[in-house]
Amino acid sequence: YRVKSSHGTSCSSNRPSVPPGFEAARQDAGIRVVLLRGQPECFTAGNDLKDFLEDPPRDENAPVFRFMKTLAEFPKPLLCAVNGPAIGIGTTLCLHADLVYCGQSTRFQLPFVKLGLVPELASSYLLPLLAGHARAFELLVLGEPFDAATARQLGIVNEVFRDDVYLDEARLKAAALAVLPPEAVQQSKALMKGHYINGCLEALDRETRIFSRRLNSPEARQAMAQFFQK
């Protein structure tokens, strides 16, 4: 049985789209687990702000929003192997993974409000469930970086490893999942997510509408212009 390793993020800022591997993994019964990773030194630097300013996504059919819905609804086990910067969507997508393993140098950050935007990828719903309102507000609104140990304490990360072994450890866990009875694994995931998936998708829809409007707001454009000046 196969583990699909999706190299879908990188250290360059870019606009996420739905990787072809996700749809292939959904359809291929021989693929039982997807492992999402970036470069060893960087998981993701977040979205390309220049691209957002020049060509903002306008509705739920934009690639970035289709990518988010794909993650939220993905039926098979999804693992993330994270190291280095994990900015914005690099942090929020971990909230949708079933297992997250990271290197000790990982630095998470949710800088949406600093850029005049709002949380995305249902993080306004999932993070308060995970960490409580006060901690979620601190992370999503103040938007300061936090380290791997803090992420584990909050429940975002399962385990922290040395930078030179985190990916190997994630692959071992993916392989362990891949040999389990696949229908039992997927049905167990569906049962656990069934308690909150509707709320998650509703939050994702609300965030998408507001996020799209915020991208065109004078406040966001000014905040991003100030970011570039720095």
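The values are calculated or read from the model by the stated rules, or taken from the named source; none is laboratory data. Everything numeric here is computed off the predicted structure, so don't read it as measured data. Because the Cβ atoms are built from the backbone with ideal geometry, glycine has one as well, and the counts that use them run over all protein chains shown. Side chains included, ligands, DNA and RNA excluded: accessible areas come from the protein's heavy atoms. Shrake-Rupley method; radii C 1.70, N 1.55, O 1.52, S 1.80 Å.
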Report, to one decimal in Å, the Kirkwood hydrodynamic radius for the chain based on all distinct Cα pairs. 17.8
Gain in span if fully extended, Tyr196 to Glu73, counting 0.36 nm per residue against the direct Cα distance: 43.1 nm
Can you count the Lys pairs in the chain with C-alpha separation below 21 Å, eight or more apart or on different chains? 14
To the nearest 20 Debye, how big is the dipole of the chain about its Cα centre, given +1 on the beta carbon of each Lys and Arg and -1 on that of each Asp and Glu? 160
Counting only protein heavy atoms, what percent of the accessible surface of the chain is carbon or sulfur at a 1.4 Å probe? 53
How much of the DSSP beta bridge set in the chain is antiparallel, as a percent to the nearest 5? 15
Suppose R0 equals 35 Å. What FRET efficiency, 1/(1 + (r/R0)^6) with r the Cβ-Cβ distance, do Arg209 and Asp147 give to the nearest 0.05? 0.60
Which residue, Ala122, Ser105, Leu36, has the largest displacement toward the positive end of the dipole of the chain when charges sit on each Cβ (Lys, Arg +1; Asp, Glu -1)? Ala122
Using the heavy atoms of the protein chains alone and a 1.4 angstrom probe, what is the accessible area of the chain per residue in square angstrom? 48
Taking the Cα atoms only, what angle lies between the long axis of helix 197-215 and the longest principal axis of the chain, rounded to 10 degrees? 30
Which net charge results when you count Lys and Arg as +1 and Asp and Glu as -1 among the other residues whose beta-carbon is under 12 Å from that of Ile197? +1
Work out the length of the dipole vector of the range 132-210 about its Cα centre, built from +1 on the beta-carbon of each Lys and Arg and -1 on the beta-carbon of each Asp and Glu, and round it to the nearest 20 debye. 280
Val113 and Ala225 label points (each 7 Å along its Cα→Cβ direction) are spaced in nm at 2.4
With a 10 Å cut-off between alpha carbons and a GNM built on the chain, which of Pro111, Pro119, Pro182 moves the most? Pro182
C-alpha long axis of helix 63-73 to longest principal axis of the chain, angle in °: 40
Suppose R0 equals 45 Å; then what is the FRET efficiency for Asn61 and Gln186 from their Cβ-Cβ distance, rounded to the nearest 0.05? 0.95
Going by amide H atoms built from the backbone, whose H comes under 5 Å of the H on Cys42, apart from near neighbours? none
